[in-house]
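Colleague: A single structure is presented below for examination.
Nothing in this text is a laboratory measurement; each read-out follows from the coordinates by a stated rule. Values in this document were obtained by computation on a predicted structure and should not be read as measured data. Cβ: placed from backbone, ideal geometry, glycine included. Neighbour counts: every protein chain shown.
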Amino acid sequence: MDISYKVKKSDVSIKQILKEKYEMSERLILKLKKFNKIKINQNIVYIDYKIKENDILDIDLNFEETNENIVPNEKILINILYEDDYMLILDKPSRNTSSSIYVSF
């Protein structure tokens, strides 16, 4: 998926637009930056770049990540209630503060 946006307001950073207009997380913005997926007028730029009116902001959201850094934890008991291609519903113990479950869209 690609996003193309014609800038209407100058003196705003790319990061501001991504956070405010597209509600992107800091983590996603950093990944886009890392993989050079953010461009202004077809040029790779820093996310703090101050854009100008009528600049074209292009964001390429087509990239894959590996999951090799994920380590399973057998101590966490998680019951999968429902799973399909787009959704996963889990039931985990509520008082388990030693583990974290992250929601990702």
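Colleague: Can you figure out the FRET efficiency of LYS34 with ASP11, using R₀ = 30 Å and their beta-carbon distance, to the nearest 0.05?
Modeller: Working: r = 26 Å, r/R0 = 0.85.
Taking R0 as 30 Å, the efficiency between LYS34 and ASP11 is 0.75.
Colleague: Connecting C-alpha atoms closer than 10 Å in a GNM of the chain, tell me which of ASN67, ASN36, ASN54 has the biggest fluctuation.
Modeller: Maximum fluctuation in the GNM of the chain, among the listed residues, is at ASN67.
Colleague: So, one more: Provide MET87, MET24 in ascending order of the number of other Cβ atoms located within 10 Å of each residue's Cβ, fewest first. Please list the in-between numbers first.
Modeller: Numbers: MET87 7, MET24 19.
Exposure proxy ranking, most exposed first: MET87, MET24.
Colleague: Taking just the C-alpha trace of the chain, give me its Rg and Dmax in Å.
Modeller: Just the Cα atoms of the chain yield Rg and Dmax of 18.4, 54 Å.
Colleague: Next question. Please list log₁₀ I(q)/I(0) at q = 0.29 Å⁻¹ for the range 2-60, using the Debye equation with identical point scatterers on the alpha-carbon positions.
Modeller: -1.45
Colleague: I've got another one for you. For GLU26 and GLU74, FRET efficiency with R0 = 25 Å and r from the beta-carbon atoms, rounded to 0.05?
Modeller: Numbers: r = 31 Å, r/R0 = 1.23.
That gives a FRET efficiency of 0.20.
Colleague: Efficiency by 1/(1 + (r/R0)^6): what FRET value for ILE89 and THR66, r their Cβ-Cβ distance, R0 = 25 Å, to the nearest 0.05? If you can, show how the numbers build up before the last one.
Modeller: On the way: r = 25 Å, r/R0 = 1.01.
Once rounded, the FRET efficiency stands at 0.50.
Colleague: Let me ask something additional. If the only charges are +1 at each Lys and Arg Cβ and -1 at each Asp and Glu Cβ, what is the size of the charge dipole of the chain around the Cα centre, to the nearest 20 debye?
Modeller: Its charge dipole is roughly 580 debye.
Colleague: Among ASN62, TYR22, VAL7, whose Cα lies farthest out toward the positive end of the dipole of the chain, if unit charges sit on the beta carbon of Lys, Arg (+1) and Asp, Glu (-1)?
Modeller: Of the options given, the answer is VAL7.
Colleague: If the only charges are +1 at each Lys and Arg Cβ and -1 at each Asp and Glu Cβ, what is the size of the charge dipole of the range 2-60 around the Cα centre, to the nearest 20 debye? Mind dumping the intermediate values first?
Modeller: Working: 14 positive and 10 negative charges, 24 e Å.
That gives a dipole near 120 debye.
Colleague: Using modelled amide H (1.01 Å from N, peptide plane; none on Pro or chain starts), what sits under 5 Å from the amide H of VAL12, excluding residues fewer than 5 places away?
Modeller: Close amide H contacts, sequence-distant or interchain: ILE51.
Colleague: Taking the number of other C-beta atoms within 10 Å as the exposure measure, put ILE89, ILE56 in order starting with the fewest. Working shown, then result.
Modeller: Details: ILE89 10, ILE56 13.
Starting with the residue having the fewest Cβ neighbours, the order is ILE89, ILE56.
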